[in-house]
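Here the structure is laid out as structure tokens; the discussion comes afterwards.
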Amino acid sequence: MKIAIASGKGGTGKTTLSTNLSVLLSETERVVLTDLDVEEPNSGLFIKGDLKSEEIKYKMIPEWKEDTCTLCGECQKNCNFHAVIQLGPQIMVFPELCHSCFACSELCPTNSLPMQAQRMGTIKEYQYRQMAFVESCLDIGQEQAVPLIGQTNEYVNQKFDEDYIMIFDAPPGTSCPVIEATKDVDYVILVTEPTPFGLHDLKLAVETMKELKKDYGVVINRYGLGNDDVIDYCKEENVTVLAKIPNSRKVAEIYSKGKLIYNEIPEIKEQFLKLKEFILTRKKEFVQ
Amino acid sequence: MKIAFTAKGTDWDSQMDPRFGRTEYILVYDDEKETFESFDNRDIENEAHGAGPKTSQKLFELGAQVLITGNGPGGNAATVLQKAGVKSFIGAGGMNVKEAYKAYKNNELKEF
């Protein structure tokens, strides 16, 4: 079963929830945690496992062959992203704009834009206690998260069978990277905080999940802070609140040392156990 | 020489558009022939990606040698403009086209 932890607003606790929930689940279940926030993966700050394998990932980018090109201009007509531009007697390719769709390359009458592999990032797999941890990271200077998120999902699908509980730490926001990270999961947990900002972005995230026709629920982190507007919104919209993690200075202190919180404070553990139970119930239904 | 402006309208009194790639209009003044033309660039709103290179390419096709704009082109656009041999002058975002032209003539705009 696949579960994505997403948020809308950044900094609401996706990584805190992903790491703590995964480790708690792994006490009794087979779990793989995957960090899909490839632009700035940070689950690894809390999960320091033994490196088991590392793969370099590539995306395909066209390369212009001047000697065979007839400057017919087909390539730039076919590129939806203006990644291929004809400028007088030359063709310019912008790798940062290219979406690796192959249109320019396949439709070039003289094969003058062959696709070439370009390195974009790495996928590392670690073992942490009983749990597998996959960390995906874009190279510095790379601008597109989506291709690497897609390849990371493929990696996890190949390496781990359906019996695993797969937790995905998603990127923040509601744009393409989040869509790519959540589109194939069975359930999405949206983490928010009870502040005006948290509510604003939660609404966007809920709209996105509705559009994707996803099953989702909300976890309110730092509960007790701000106001009750998030709770009221969830009631009005019939959104399930799965857990409320109390706001606590002690959590911030433990977190700032790079440690897990679920086992340190009873009120916090209670909320994580509630989430665990919810997921195990879901998994049973899912298997049937 | 052809001088291109990014603008929100089609004549000398129009406000400059501070944006380059997503400018609403491109105005081209030929200071030798003393001709003034406007080109509608509003189609660019439908483009999610690559507005900079696309508008740069338009300037190349229009034969502009100088660009006068506001905020300045981004990285991809700048690469195309450089290849196309277009010199860019920025900082005219708050002016109208007439004022921007004067400022350019008086060397008051910063070369990008």
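The values are calculated or read from the model by the stated rules, or taken from the named source; none is laboratory data. Because the structure is predicted, anything quoted here is derived from the model rather than measured. In this analysis, Cβ positions are derived from the backbone assuming ideal geometry, glycine residues included, and neighbour counts consider all displayed protein chains.
If I go through the range A:163-213 residue by residue, how many of them are aromatic (Phe, Trp, Tyr) and either under 18 Å from A:Asp37 (Cα atoms) or in a strand (DSSP E or B) (or both)?
Pass one, the range A:163-213, residues aromatic (Phe, Trp, Tyr): A:164, A:168, A:187, A:197.
Cutting the leftovers down to either under 18 Å from A:Asp37 (Cα atoms) or in a strand (DSSP E or B) (or both) gives us A:168, A:187.
So the answer is 2.
Please enumerate the residues belonging to the range A:163-183 that are over 13 Å from the mean Cα position of the chain (by Cα) and buried (at least 22 other Cβ atoms within 10 Å of the Cβ).
To start, the set of residues in the range A:163-183 that are over 13 Å from the mean Cα position of the chain (by Cα) comprises A:163-165.
Listed by number, the list holds a single entry, A:Ile165.
For B:Pro18, indicate whether it is in contact with a Phe, Trp or Tyr (Cβ under 7 Å, 6 or more places away or on another chain) and either buried (at least 17 other Cβ atoms within 10 Å of the Cβ) or within 14 Å of chain A (Cβ to nearest Cβ) (or both).
On the way: in contact with a Phe, Trp or Tyr (Cβ under 7 Å, 6 or more places away or on another chain): no; either buried (at least 17 other Cβ atoms within 10 Å of the Cβ) or within 14 Å of chain A (Cβ to nearest Cβ) (or both): yes.
So B:Pro18 fails the test.
Of everything in the range A:98-128 that's surrounded by 21 or more Cβ atoms within 10 Å (Cβ to Cβ) and farther than 30 Å from A:Gly44 by Cβ, which residue is nearest to the other protein chains (Cβ to nearest Cβ)?
A:Cys104
For the range B:67-92, how many residues meet the condition of being crowded, with 20+ Cβ neighbours inside 10 Å and outside any loop (DSSP other than H, G, I, E, B)?
So the answer is 8.
The rows are residues; the columns are (1) more than 25 Å from the chain's Cα centre (by Cα); (2) over 21 Å from A:Met166 (Cα atoms); (3) touching a residue at least 40 places away in the same chain (Cβ under 8 Å).
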{"position": "A:Asn221", "(1), (2), (3)": "no, yes, yes"}
{"position": "A:Asp228", "(1), (2), (3)": "yes, yes, no"}
{"position": "A:Glu236", "(1), (2), (3)": "yes, yes, no"}
{"position": "A:Lys244", "(1), (2), (3)": "no, yes, no"}
{"position": "A:Lys274", "(1), (2), (3)": "no, no, no"}
{"position": "A:Lys284", "(1), (2), (3)": "no, no, no"}
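Examine the range A:38-61 for a residue that is under 32 Å from the mean Cα position of the chain (by Cα) and either within 14 Å of chain B (Cβ to nearest Cβ) or within 30 Å of B:Gly85 (Cβ to Cβ) (or both), and state whether such a residue exists. First the steps, then the outcome.
Step one: of the range A:38-61, the residues under 32 Å from the mean Cα position of the chain (by Cα) are A:38-61.
Restricting the remaining residues to those that are either within 14 Å of chain B (Cβ to nearest Cβ) or within 30 Å of B:Gly85 (Cβ to Cβ) (or both) gives A:61.
The answer is yes; a qualifying residue exists.
Does B:Gly70 count as at negative phi, more than 9 Å from every other protein chain (Cβ to nearest Cβ) and modelled with pLDDT of 95 or more? Give the steps one after another, and end with the answer.
Values: at negative phi: yes; more than 9 Å from every other protein chain (Cβ to nearest Cβ): yes; modelled with pLDDT of 95 or more: yes.
Taking the combined requirement at face value, the residue satisfies it.
For the range A:129-162, what are the residues that are hydrophobic (A, V, I, L, M, F, W, C), assigned to a loop (DSSP other than H, G, I, E, B) and surrounded by 15 or more Cβ atoms within 10 Å (Cβ to Cβ)?
Correct list: A:Ala145, A:Phe160.
Condition check ((1) at pLDDT 95 or above; (2) within 12 Å of chain A (Cβ to nearest Cβ); (3) out of contact with any Cys (no Cβ under 9 Å at 6 or more places or on another chain)) across all residues:
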residue	(1), (2), (3)
B:Arg22	yes, no, yes
B:Tyr25	yes, no, yes
B:Asp30	yes, no, yes
B:Gly50	no, yes, no
B:Gln57	no, yes, yes
B:Glu61	no, yes, yes
B:Gln65	yes, no, yes
